[in-house]
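This report concerns only the one structure given below.
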Amino acid sequence: MKSQISSALSDFFFEYETPRQVLVRNRRVGVVCRLIQLGVLAYIIGWVFIYEKGYQSSDTAVSSVFSKMKGVGYTNVNGAERVWDVADYVFPPQGDSSFVVMTNYIITEGQKMGTCPELQGKANCTKDADCEGGSFKRTGHGQLTGVCVPANKTCEVLAWCPVENDHNIPDPPLLMSAENYTLFIKNSVTFPLFQVTRSNLVEGIDSSYIRKCLHDPEKAPLCPIFKLGDIVKLSGFNFETIAKEGGAIGIVVDWTCNLDVDIKHCKPKYNFHGLYGNPGETDKARASVGYNFRYAKHYLDGSVQKRTLLKVFGIRIDIIVQSLARKFDIIPTLTAIGSGVGIFGVATVVCDLVLLYLLPKREFYKNMKFKYTDTQAQHDSESLGLDTSVYYTLEANARQAQDTDRSNDPDSEAGSSETEASKK
């Protein structure tokens, strides 16, 4: 018993088994095999390693964006001249990655709390019974008092009076000068996995350069100062069209970096996308055109609280940071190589299918590839008093001798294959 255990352990630790291989000389199968292997090799090298960078690990950045608008606007509405600076036309003023630049507006000055007639179309009436006191209209400006104003044929409301009339949007936009405003973007990114930090103020972008540069996709692609008119143009919009009713534009700061090369080559690229505000939009998008909102400035006139209400039409700017950094890593490299080696087995599977099921001599190839055993062979070996392995060795030698004899016969399978090979 002890010797059997020792023998089993010895066989397990000190022996190696390798699968049996059959060399098949067949041009068609050989060509199919090499073509498949060549295709797999092209996939591994071309797609996995070159295109997908399968030898690198990747990381996305933690990002921070700071923005600053500069420029002065001028309007003259009914003889009332006004100059607009950054504090007036940028919302919110904190320099966030998403903000609105006002390009058009409707102003209602001197509003105070009281009662006044509603606008036409909001709460029409012919008698007081048409105005339900204490109720509200969803699109109205205040609470109905239950009184119908005959001169206007609208219900009286308790609201900030006079109520805003936004039916007529100024055309052309009042702040066409916004086209010359400039936007400064400061962006920093950190790739935690690789412990790399970069800023869009890369090498060569210093204070003297910033003071005189203006972004241009061809001449100054790294300049972080953008003219608002150029942003609108690069996004595919017309400035006057989008300035009238507003819209939204996305500025994408793209950090796609290969950290296997010098870090100075890790630089941002700026892309511009029109999100909405295109007059060519149809279907459901036409139900709500442009971008607008309201804000009010409150003040006291004597002891009376009043406000100035503005309906702002503007261009919403969304600064979006898109990042992907890659660097060589042995783990994904070995994984890609291992998966590629595994895919090479596809050639073997396909060629076996062709050999065993499609070629005319498939039965011959099956006999060469597979070794069959049965109980009769085991009984024969036992009756002769031989070990099973010895019996199979003798049987294999006999079959080899038989195959040699058949190879000399031109009518046999082996002979015909050899004859074909010699002809080729």
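The values are calculated or read from the model by the stated rules, or taken from the named source; none is laboratory data. The structure displayed is predicted, hence computed values, not measured ones. Reconstructed Cβ throughout: ideal geometry from the backbone, glycine too, with neighbour counts over all protein chains shown.
I need the full set of residues from region 149-175 which are in contact with an Asp or Glu (Cβ under 7 Å, 6 or more places away or on another chain), outside any strand (DSSP E or B) and of a type outside the set (A, V, I, L, M, F, W, C), in order please.
Answer for region 149-175, where residues must be in contact with an Asp or Glu (Cβ under 7 Å, 6 or more places away or on another chain), outside any strand (DSSP E or B) and of a type outside the set (A, V, I, L, M, F, W, C): Pro172, Pro173.
Of everything in region 71-109, what is surrounded by fewer than 15 Cβ atoms within 10 Å (Cβ to Cβ), among the hydroxyl-bearing types (Ser, Thr, Tyr) and within 19 Å of Asn168 (Cα to Cα)? Give them in sequence order.
None; the set is empty.
Quick test of your reading of the structure: Ile337 fulfils all but one of (1) closer than 30 Å to Leu193 by Cβ; (2) modelled with pLDDT of 90 or more; (3) not assigned by TED's automatic domain parsing to the domain that holds Lys219. Name the failing condition by number.
Just one mismatch for Ile337, condition (2).
Tally up the residues in region 223-276 that are in contact with a Gly (Cβ under 7 Å, 6 or more places away or on another chain) and either of a type outside the set (Phe, Trp, Tyr) or not in a strand (DSSP E or B) (or both), please.
13
Starting from region 335-348, keep only residues that are touching a residue at least 60 places away in the same chain (Cβ under 8 Å), then list their pairs with residues that are of a type outside the set (A, V, I, L, M) and assigned to a helix (DSSP H, G or I) whose Cβ atoms are within a distance under 7 Å, requiring at least 6 positions of separation or different chains.
Final answer for the pair search is Ala336/Phe49; Phe344/Gln37; Ala347/Cys33; Ala347/Gln37.
Specify which of the listed residues (Gly134, Gly146, Gly121) is outside the structural domain of Met69 (by TED's automatic domain parsing), in a strand (DSSP E or B), on the phi > 0 side of the Ramachandran plot and surrounded by fewer than 16 Cβ atoms within 10 Å (Cβ to Cβ).
Being outside the structural domain of Met69 (by TED's automatic domain parsing), in a strand (DSSP E or B), on the phi > 0 side of the Ramachandran plot and surrounded by fewer than 16 Cβ atoms within 10 Å (Cβ to Cβ) holds for just one of Gly134, Gly146, Gly121, which is Gly146.
Based on this model, can you work out whether Lys112 counts as modelled with pLDDT under 90 and either in contact with a Pro (Cβ under 7 Å, 6 or more places away or on another chain) or charged (D, E, K, R) (or both)? Step through it out loud before you land on a result.
Working: modelled with pLDDT under 90: no; either in contact with a Pro (Cβ under 7 Å, 6 or more places away or on another chain) or charged (D, E, K, R) (or both): yes.
For Lys112, the condition - modelled with pLDDT under 90 and either in contact with a Pro (Cβ under 7 Å, 6 or more places away or on another chain) or charged (D, E, K, R) (or both) - is not met.
I'd like to check something: does region 14-25 contain any residue that is surrounded by 10 or more Cβ atoms within 10 Å (Cβ to Cβ) and part of a helix (DSSP H, G or I)?
Checking region 14-25: not a single residue is surrounded by 10 or more Cβ atoms within 10 Å (Cβ to Cβ) and part of a helix (DSSP H, G or I).
Could you list all residues from region 36-94 that are in contact (Cβ under 8 Å) with a residue 40 or more places away in the chain, more than 29 Å from the chain's Cα centre (by Cα) and assigned to a helix (DSSP H, G or I)?
Ile36, Gln37, Tyr89
Take Gln4 and decide whether it is in a helix (DSSP H, G or I), modelled with pLDDT of 85 or more and among the polar types (S, T, N, Q).
It is false that Gln4 is in a helix (DSSP H, G or I), modelled with pLDDT of 85 or more and among the polar types (S, T, N, Q).
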